[in-house]
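First up is the structure itself, then whatever we jot down about it.
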Amino acid sequence: MSDAGLCYIGAALSTGLACVGAGYAVGVVGSAALGAVSENEKILGKTLIYVGLAEGVAIYGLIISIMIIGSL
């Protein structure tokens, strides 16, 4: 297998696994946030920040993939 092929596999894995992890985190955090907001509506802004942090993991994976492909 060539070096370029391994780079593409690494880029795909970094994006794919980061998105799977981010999806799981958003699901868990989102359901907990909805439960908390149903009890106290004043904390909606704080819970949205936690959901946004969980989504950031997918963006970091995409950035790493772009860096890997850019190094070819």
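Each value in this text was obtained by applying a stated rule to the coordinates, not by laboratory testing. Worth saying up front: this structure is predicted, and the values here are computed from it rather than measured. Glycine also receives a Cβ, built like all others from the backbone with ideal geometry; neighbour counts cover every protein chain displayed.
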request  = Filter segment 22-72 down to the residues that are in contact (Cβ under 8 Å) with a residue 40 or more places away in the chain and of a type outside the set (A, V, I, L, M), then identify the one that is farthest from G10 (Cα to Cα).
outcome  = Y60
task = Take segment 23-33 and flag every residue that is of a type outside the set (F, W, Y) and surrounded by fewer than 13 Cβ atoms within 10 Å (Cβ to Cβ).
result = G27, V28, S31
request  = Return the only residue of L13, L72, L6, L44 being in contact with a helix residue (DSSP H, G or I) (Cβ under 8 Å, 6 or more places away or on another chain) and in a helix (DSSP H, G or I).
outcome  = L44
ask   = Identify, please: which residue in segment 39-72 is among the polar types (S, T, N, Q) and surrounded by 13 or more Cβ atoms within 10 Å (Cβ to Cβ) and is, among those, farthest from G5 (Cα to Cα)?
value = T47
